[in-house]
1. For the pair ARG7/GLU119, report the inter-label distance in nm, with labels modelled 7 Å from Cα in the Cβ direction.
2. Extending each Cα 7 Å along its Cβ direction at LYS126 and ALA111, get the distance between those two points in nm, one decimal.
3. Could you pull out every residue, at least 5 positions away or on a different chain, whose amide H is within less than 5 Å of the one on VAL51? Hs are placed 1.01 Å off N in the peptide plane, and Pro or chain starts have none.
4. What is the extension gain from MET52 to GLU175, computed as 0.36 nm multiplied by their sequence separation minus the C-alpha to C-alpha distance, in nm to one decimal?
5. Could you sort the peptides 73-83, 26-36, 11-21, 101-111 by per-residue average Cβ neighbour count (10 Å cutoff), highest mean leading?
6. Which of rounded, prolate, oblate describes region 3-128, given a ≥ b ≥ c as roots of the alpha-carbon gyration tensor eigenvalues and a/c under 1.5 marking rounded, otherwise prolate only if a/b is larger than b/c?
7. Which ³J(HN,Hα) values, rounded to whole Hz and listed in residue order, are derived for region 98-112 from phi using the Karplus coefficients 6.51, -1.76 and 1.60 in 6.51 cos²θ - 1.76 cosθ + 1.60 with θ = phi - 60°, glycine and proline given as x?
8. Would you work out if region 81-122 is rounded, prolate or oblate? Take a ≥ b ≥ c from the square roots of the eigenvalues of the alpha-carbon gyration tensor; rounded if a/c is under 1.5, else prolate when a/b is larger than b/c, oblate otherwise.
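Bear in mind that the values in this text are calculations on the coordinates, not laboratory data. Just so it is clear, the structure is predicted and the values come from calculations on it, not from any experiment. Methodologically, a virtual Cβ is constructed for each residue, glycine included, from the backbone with ideal geometry; neighbour enumeration extends over all protein chains shown.
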Amino acid sequence: MQERELRALAAQMAERYGLDPAIFTRQIEKESGFNPNARNEKTGATGLGQVMSATAQDPGYGVTPLRDRLDAAENLRFSAEYMAAMLRKYDGDYPKALAAYNAGPGTVDTAGGIPDIAETRDYVAKIMNSPMRPVARPSDLGQQEPPRVRPQARPETFGPLAEKRNQAIRQALLEAAGAARPEGIMGLAQ
């Protein structure tokens with residue numbers, strides 16, 4: 001698969017598991033630069049989401065294990081499902097969930113938040129503080145938007161907690177952009 005196809009697939013997996021597609025895409029960019037054959041020689045992390053062997057085999061948190069870390073689609077599925085599990089664990093707190101994805105949930109729990117590990121702090125900062133690039137939606141240009149078809153969601157991925165998280169993300173984006181109306185930047189993650 002070409003990089004643009006991998007990026008589109010990452011956005012689809014993010015939607016499937018209730019993640020912000022823009023954040024998840026930046027996360028995969030940071031992990032592997034969208035190289036499906038990426039491998040960290042020091043840690044053994046492999047694939048688009050830089051999945052460790054032990055995590056792939058026994059992820060916990062109700063996440064389906066990953067059989068082939070070099071299968072691009074399966075690696076993205078696993079990475080999105082695992083990130084969604086971390087978001088549930090940390091009540092929708094993206095920085096904590098990203099820190100857990102990078103350093104492990106045990107490390108985040110022990111630290112009581114983002115651990116004082118330079119690599120992890122840099123990882124979270126780069127993914128969360130990347131410049132937001134508002135995308136014009138057809139409605140911003142006075143045109144009618146085509147209907148969106150959403151994939152069937154698993155019940156535990158959505159609900160009051162996910163909706164609360166999504167509202168907080170929308171509010172943070174609005175405040176960051178200084179937008180006068182929500183429609184102005186909501187195309188960002190779509």
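1. Spacing of the two 7 Å Cα→Cβ label points: 2.7 nm.
2. 1.5
3. THR46
4. Working: separation 123, 0.36 × 123 = 44.28 nm, distance 3.62 nm.
Once the chain is fully extended between MET52 and GLU175, it gains 40.7 nm.
5. Result, highest mean Cβ count within 10 Å first: 73-83, 11-21, 26-36, 101-111.
6. On the way: a/c = 1.36, a/b = 1.28, b/c = 1.06.
Rounded, since a/c falls under 1.5.
7. Once rounded to whole Hz, the list reads 5, 4, 5, 4, 7, 9, x, x, x, 5, 5, 4, 4, 6, x.
8. Details: a/c = 1.90, a/b = 1.58, b/c = 1.20.
Prolate.
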